[in-house]
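Everything below concerns the one structure shown next.
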């Protein structure tokens, strides 16, 4: 990877407390689930402390709507945010687990709906930009 680049590499829904992909992450009847976001950055950027924005949106593919507000996180390429050396070279990696509350809870208005997450990472000055979408999933 270029020393000054960053890229989102994973956006996965998982049962709360797990990192394993789950297409029905709140089954059998949980009020929340986890969203796992993974990224890599080059050797110069990964520990630079440079700020970036991580924006995550959910799309209700069944109703063709946005089921809850967009999540906008101001973060930095530093250990506090979770950036660590990859172990396989000079690059850095980051994995974050974000708890997601199911609007209306299990069996609520989104039960049976298919949803999908989309995320973007934009560094200050837009020197590094990455977009990723997760696989569709169903809420119960």
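Where a number appears in this text, it was derived from the coordinates with a stated rule and is not lab data. Just so you know, these numbers come straight off a predicted model, no measurement behind them. In this analysis, Cβ positions are derived from the backbone assuming ideal geometry, glycine residues included, and neighbour counts consider all displayed protein chains.
Within the stretch 2-15, being farther than 16 Å from residue 117 by Cα and surrounded by 15 or more Cβ atoms within 10 Å (Cβ to Cβ) holds for 4, 5, 6, 7. The set of residues in the stretch 63-78 that are over 13 Å from residue 119 (Cα atoms) and surrounded by 14 or more Cβ atoms within 10 Å (Cβ to Cβ) comprises 67, 68, 75, 76, 77, 78. Restricting the stretch 91-127 to residues that are more than 17 Å from the chain's Cα centre (by Cα) and in contact (Cβ under 8 Å) with a residue 60 or more places away in the chain, the residue that is farthest from residue 75 (Cα to Cα) is 107.
Each row is one residue, and each column tells you yes or no for (1) closer than 15 Å to residue 25 by Cα; (2) touching a strand residue (DSSP E or B) at 6+ places or on another chain (Cβ under 7 Å).
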position	(1), (2)
96	no, yes
101	yes, yes
118	no, yes
126	no, no
130	no, yes
